[in-house]
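> My questions will all concern the structure given below.
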């Protein structure tokens, strides 16, 4: 195997991704990923050079400096672990030069129908993405080593003819030489959060978990991904204001969040979370009053916190460093567990039902971005609108919500032009305050 010329039985090891962070232009944080071999204790025992064969899937002559391969590396690791680790006794190979087309087929059959680790029937989009990435990886490797490989590029692809639905002309395209199956689980909107539950959780967070309540507001009212919330800077940050507040007289007319660059926010260079799409994202106009209300409350909390003045992150941990997504998620899960008894004790049957569901399923902070998306769909946003306000690179996710709009309207009461006022939810109720 490339980068591993003398390697024997590897059943106790696994391939994984190592991410290395570095700072450029004084404050911009970028990362580079590598495929490594780890032992059973998680220690890196060897670096490989396989990252050279993982490329972005576009035909542009250049690519952004922030491109680190994203999840392409994990798809390739899944393939490598399948053929070299999981099935070592079956295939008995220690080099990519010994791969055969049957091994490649076996992997895709397994990946599309794998039920391990609670995974049942990956979605069609995930399977297609894996196929695209792994075949591109193999094609790149074969381009450099085909003379010594058992597997040939002609075994991977074939050219087929099809007729254009729009023009009727005969066209050709390149497709895999073998059939790839997926179990057909549709991408679905799952566990929609009713407004009553949203109000309870937000009120509880503001009373007892103020350090993450404003993070939830970024996802709920501006559609930020949880990891993106961790990248927000204070207005006074020397790296540039993280919130751009536009006023007309004394009235605030808009708030824009600066996510144009993933900057270093910690003196120890630890990344806080990814920005999936670098951009400037506005708070959705209907949600601006609620966002500003929580912001004013949060600023009072922030004034009592220590933080690194060279960065001025919006969200900090107990040591004054920018909060990472890992810590955010842990804090969120702790808070949700303490909310469940409140839900079960509620007089609202809708809240009680959601509390019972929470006993069975785990949720992440991403549920608030989902809540935001559902509300925009019910507000009448089209594909372009959803894509813009969600900060998506492509319209696929927006289409998912619009395709389910009918069901959403049946399940959820449609909001009128006056947004609900969750601030009126009685946060001082005995069951909404955490006992000391």
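> crowded, with 16+ Cβ neighbours inside 10 Å and at pLDDT 80 or above: which single residue out of 47, 84 fits that description? Break it down into steps so the answer makes sense when it comes.
On the way: 47 fails: crowded, with 16+ Cβ neighbours inside 10 Å.
After applying the criteria, what remains is 84.
> Give the residues of the stretch 234-275 that are part of a strand (DSSP E or B), surrounded by 12 or more Cβ atoms within 10 Å (Cβ to Cβ) and more than 20 Å from the chain's Cα centre (by Cα), sorted by residue number.
Going through the stretch 234-275, the residues part of a strand (DSSP E or B) turn out to be 243-248, 251-259, 263.
Still in the running and surrounded by 12 or more Cβ atoms within 10 Å (Cβ to Cβ): 243-245, 252, 254-259, 263.
Selection gives 243, 244, 245, 252, 254, 255, 256.
> In the stretch 202-220, which residues are surrounded by 24 or more Cβ atoms within 10 Å (Cβ to Cβ) and under 21 Å from residue 401 (Cβ atoms)?
Across the stretch 202-220, the qualifying residues are 216, 217, 218, 220.
> Quick one: would you say residue 311 is more than 20 Å from the chain's Cα centre (by Cα), surrounded by 13 or more Cβ atoms within 10 Å (Cβ to Cβ), in contact (Cβ under 8 Å) with a residue 40 or more places away in the chain and assigned by TED's automatic domain parsing to the domain that holds residue 224?
Values: more than 20 Å from the chain's Cα centre (by Cα): yes; surrounded by 13 or more Cβ atoms within 10 Å (Cβ to Cβ): yes; in contact (Cβ under 8 Å) with a residue 40 or more places away in the chain: yes; assigned by TED's automatic domain parsing to the domain that holds residue 224: yes.
Taking the combined requirement at face value, the residue satisfies it.
> For the stretch 144-197, which positions are assigned to a loop (DSSP other than H, G, I, E, B), at pLDDT 85 or above and touching a strand residue (DSSP E or B) at 6+ places or on another chain (Cβ under 7 Å)?
156, 177
> Would you tally the residues in the stretch 227-256 being out of contact with any helix residue (DSSP H, G or I) (no Cβ under 6 Å at 6 or more places or on another chain) and closer than 22 Å to residue 326 by Cα?
Matching residues across the stretch 227-256 total 6.
> Those residues that are within 25 Å of the chain's Cα centre (by Cα) and either on the phi > 0 side of the Ramachandran plot or surrounded by fewer than 15 Cβ atoms within 10 Å (Cβ to Cβ) (or both), I need them from the stretch 280-302; list them, please.
Matches in the stretch 280-302: 280, 285.
> Under the condition of being within 26 Å of residue 330 (Cβ to Cβ) and surrounded by fewer than 17 Cβ atoms within 10 Å (Cβ to Cβ), which residue from the stretch 364-396 is farthest from the chain's Cα centre (by Cα)? Let's see the steps before the verdict.
Residues of the stretch 364-396 that are within 26 Å of residue 330 (Cβ to Cβ), as a first pass: 364-374, 390-391.
With surrounded by fewer than 17 Cβ atoms within 10 Å (Cβ to Cβ) added as a condition, the list becomes 364, 366.
Values: 364: 11, 366: 8 Å.
That would be 364.
> Six or more apart or on different chains, Cβ atoms under 6 Å: show the pairs whose first residue is in the stretch 356-367 and assigned by TED's automatic domain parsing to the domain that holds residue 328 and touching a residue at least 12 places away in the same chain (Cβ under 8 Å) and whose second is buried (at least 16 other Cβ atoms within 10 Å of the Cβ) and part of a helix (DSSP H, G or I).
Between residues of the stretch 356-367 that are assigned by TED's automatic domain parsing to the domain that holds residue 328 and touching a residue at least 12 places away in the same chain (Cβ under 8 Å) and residues that are buried (at least 16 other Cβ atoms within 10 Å of the Cβ) and part of a helix (DSSP H, G or I), the close pairs are 365/226; 365/332; 366/226.
> How about the stretch 381-400: which of its residues are more than 15 Å from residue 225 (Cβ to Cβ) and touching a residue at least 60 places away in the same chain (Cβ under 8 Å)?
Scanning the stretch 381-400 gives 396, 400.
> On the basis of being under 21 Å from residue 218 (Cβ atoms), modelled with pLDDT of 90 or more and assigned to a loop (DSSP other than H, G, I, E, B), does residue 308 make the cut?
yes
> Separate question: Scanning for something surrounded by fewer than 18 Cβ atoms within 10 Å (Cβ to Cβ), assigned by TED's automatic domain parsing to the domain that holds residue 135, at pLDDT below 80 and at positive phi, does the stretch 21-39 turn up at least one residue?
For the stretch 21-39, residues surrounded by fewer than 18 Cβ atoms within 10 Å (Cβ to Cβ), assigned by TED's automatic domain parsing to the domain that holds residue 135, at pLDDT below 80 and at positive phi: present.
> Scan (1) over 34 Å from the mean Cα position of the chain (by Cα); (2) in a helix (DSSP H, G or I) for the single condition residue 139 breaks and write down its number.
Looking at each condition in turn, residue 139 falls short on (1).
The values are calculated or read from the model by the stated rules, or taken from the named source; none is laboratory data. None of the values given here were measured: they were computed from a predicted structure. Note: ideal-geometry Cβ built from the backbone for every residue, glycine included; neighbour counts use all protein chains shown.
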